[in-house]
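A.B. asks: Sharing a structure here in structure tokens format.
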Amino acid sequence: MTSSETLEVAFVSDGTSGATVWDTTNGTMLKTYRHTASIGQNCMSLLGNDYLIAADKGPLIQTWPINSQERTHQVRMLCGGKINSLAASPDGLYIAVAISEKLQVWMACSGRLLTTVSRHFQPITIIRWSSDGSYVVTGGEDGLVCVWSLAKLVNTSKSAMPQTFISGDQIDQSAPNYIFSDHSVRITGVYIGNCTRCIRIFTTSVDKTCKIYDLSTGIMLLSIAFDIIPSSLTVDSIETAVYIGTTAGPIRSFDLTSPPRTRECYVSDKESGIKFVGHAKAVTALSVSLFGDMLVSGSTDCTIRTWHVASRQCLRTIQLKEPVINMFLTLIPRQLTANELEPSIILKSFKKTEELENDHFVEVYSYNDLFEEENDTFGHKEDTNIREELEKTKTINARIYEFAINSILKESEPNPKEDIDISSFSFVDLEFNGEKNGFDNDDDKNIDENSTTPRKKKRGRKRSKKNVNDSNISNIYTYS
């Protein structure tokens, strides 16, 4: 067992509802993503390593947490029309959507529609991102291949965009960097190389050709003509071999280490010695393993096949119920089998209209934004300890407040010794008159001890005003 067999899985969607994850080395199904309708061709993509997004020939993008079989209903990604194709950027920040001949770019973390551009004359059939996420390549039924710069697409500020004039004509900054019109009919496959110094773009079309372009210069490097219609396309990681699926079933391979001397060449069925024979119908999806030793293909004959590249032998065949529509290999997501999802991507519902923001306004999202109420259904559990501590603090504060109020009210209660007047004399005045008439403190103590009136306790029952008056009167007769 090679190292690539334990690292990668295949995400597959067929004519049935939803999508599945397969281990192509042993033919076991790892997970199922349920849905009520089939997913359209080129309408399934991974959003980072946290979510799977797909469209079912409608305006709504379905979203599944990578570890859950059920869709999430907290996030609603509703576009303005029927979706022909979609693809998420490698970093999971942007989602490119094709609606008819228009290209829309959405920001996943805010749900904002950043831009809507159109250069195709017929509907877009395929969208691909570069490995660094700086370019978007679209192919349409009109045979055009457009290369868009993400920096230009997301820059919606017209005042901040420098304008260039050549011969009195103003250049449209929202226009694609390149428009390749060498194909005559519908584009069936697009692949963007991973090389950073010289990025190459590979395209196939129903016109039975495969063309290779240089992204830095926009020049066509090679055009390969076949005697059969190509239906899918992929390239290995080091870009030495091109694999082309055909409508008849066999998979062609073209070696780039020994290219022809001319810019155009023709490869017939007899001349093409490298073929992978096994599918009976059109090959709709191709993907090469990370180490380039395995090739996985999906076909409309309801099978997924794993091929050994060096020997061109079929190692395993997975039988499905319906034709394969989408299939791609990827490294096993870290949280594919996790019980709780800990996403690293902020995901929000799409806003209805394209908002005009301030030119100097910058939207910043932090890691704490992942724990909003909208994302609670993605596997987040609320921290109950913090809430319990908060409730305890509120209870303690309420008790302290109640105690302070009661203390203030008790201190403000009237003192009968100071407030009661008898014949315009207060109790204090009577004591003063007693001392003036020759009564000392000892006599006062005896008088108090002989008095039948009980002393007022600190926290005893409140005495009535009538009892207090009777007590004062008895004290007056005793003095006299």
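A.B. asks: So residue 58 clears everything in (1) modelled with pLDDT of 90 or more; (2) within 25 Å of residue 187 (Cα to Cα); (3) surrounded by fewer than 23 Cβ atoms within 10 Å (Cβ to Cβ) except one condition, right? Which one?
C.D. replies: Among (1) modelled with pLDDT of 90 or more; (2) within 25 Å of residue 187 (Cα to Cα); (3) surrounded by fewer than 23 Cβ atoms within 10 Å (Cβ to Cβ), residue 58 violates only (1).
A.B. asks: On to the next question. Yes or no: residue 14 crowded, with 17+ Cβ neighbours inside 10 Å and farther than 27 Å from residue 91 by Cβ?
C.D. replies: Considered against the rule, which asks whether it is crowded, with 17+ Cβ neighbours inside 10 Å and farther than 27 Å from residue 91 by Cβ, residue 14 comes out as yes.
A.B. asks: Can you confirm whether region 186-197 contains a residue that is touching a residue at least 12 places away in the same chain (Cβ under 8 Å), under 20 Å from residue 41 (Cα atoms) and over 31 Å from the mean Cα position of the chain (by Cα)?
C.D. replies: There is at least one residue in region 186-197 that is touching a residue at least 12 places away in the same chain (Cβ under 8 Å), under 20 Å from residue 41 (Cα atoms) and over 31 Å from the mean Cα position of the chain (by Cα).
A.B. asks: Restricting attention to region 120-138, and to residues there that are in contact with a helix residue (DSSP H, G or I) (Cβ under 9 Å, 6 or more places away or on another chain) and assigned to a strand (DSSP E or B), which single residue is farthest from residue 203 (Cα to Cα)?
C.D. replies: Looking at residues that are in contact with a helix residue (DSSP H, G or I) (Cβ under 9 Å, 6 or more places away or on another chain) and assigned to a strand (DSSP E or B), I get 135.
A.B. asks: Being touching a Cys at 6+ places or on another chain (Cβ under 7 Å) and within 23 Å of residue 19 (Cβ to Cβ) is true for just one of 99, 95, 66. Which residue is that?
C.D. replies: Checking each option against the conditions leaves just 99.
A.B. asks: Note down all Cβ pairs under 9 Å where the first residue falls in region 323-339 and is under 23 Å from residue 282 (Cα atoms), the second is of a type in the set (Lys, Arg), and they're at least six residues apart or on different chains.
C.D. replies: Listed by first residue and then by second, the contacts come to 323/281.
A.B. asks: Here's a follow-up. Has region 121-129 got at least one residue that is surrounded by fewer than 19 Cβ atoms within 10 Å (Cβ to Cβ), within 25 Å of residue 52 (Cα to Cα) and either within 23 Å of the chain's Cα centre (by Cα) or of a type in the set (Ser, Thr, Tyr) (or both)?
C.D. replies: Here is the first cut: in region 121-129, the residues surrounded by fewer than 19 Cβ atoms within 10 Å (Cβ to Cβ) are 121-123.
Of the ones still in play, those that are also within 25 Å of residue 52 (Cα to Cα) are 123.
From the residues that got through so far, the ones that are either within 23 Å of the chain's Cα centre (by Cα) or of a type in the set (Ser, Thr, Tyr) (or both) too are none.
No, region 121-129 contains no residue that is surrounded by fewer than 19 Cβ atoms within 10 Å (Cβ to Cβ), within 25 Å of residue 52 (Cα to Cα) and either within 23 Å of the chain's Cα centre (by Cα) or of a type in the set (Ser, Thr, Tyr) (or both).
A.B. asks: Would you say residue 79 is touching a Pro at 6+ places or on another chain (Cβ under 6 Å) and touching a residue at least 40 places away in the same chain (Cβ under 8 Å)?
C.D. replies: Taking the combined requirement at face value, the residue satisfies it.
A.B. asks: Can you tell me how many residues within region 232-254 are open to solvent by less than 10 Å² (accessible area, probe 1.4 Å) and in contact with a Gly (Cβ under 6 Å, 6 or more places away or on another chain)?
C.D. replies: The total comes to 2.
A.B. asks: So the check is Cβ under 8 Å with 6+ separation or different chains; which pairs have a first residue in region 35-63 that's without any contact (Cβ under 8 Å) to a residue 60 or more places away in the chain and a second one that's basic (Lys, Arg) and not in a strand (DSSP E or B)?
C.D. replies: Every condition considered, the pairs that remain are 35/71; 37/57; 57/82; 58/82; 59/82; 60/76; 62/71.
A.B. asks: Hey, among 268, 289, 258, which residue is out of contact with any helix residue (DSSP H, G or I) (no Cβ under 9 Å at 6 or more places or on another chain) and in contact (Cβ under 8 Å) with a residue 24 or more places away in the chain?
C.D. replies: From the options 268, 289, 258, the qualifying one is 268.
A.B. asks: Which residue, of 41, 74, is among the polar types (S, T, N, Q), modelled with pLDDT of 90 or more and assigned to a loop (DSSP other than H, G, I, E, B)?
C.D. replies: 41
A.B. asks: Please go through region 95-119 and pick out each residue that is open to solvent by 40 Å² or more (accessible area, probe 1.4 Å), outside any loop (DSSP other than H, G, I, E, B) and of a type in the set (Ser, Thr, Tyr).
C.D. replies: Residues satisfying the conditions are 116, 118.
A.B. asks: Before we move on, is residue 218 under 39 Å from the mean Cα position of the chain (by Cα) and at positive phi?
C.D. replies: yes
The values are calculated or read from the model by the stated rules, or taken from the named source; none is laboratory data. Treat the numbers as computed from the prediction; the structure is a model and nothing was measured. Positions of Cβ are backbone-derived with ideal geometry, glycine not excepted, and every protein chain shown enters the neighbour counts. Remember, those area values only see protein heavy atoms, side chains included, never the ligands or the DNA or RNA. Shrake-Rupley method; radii C 1.70, N 1.55, O 1.52, S 1.80 Å.
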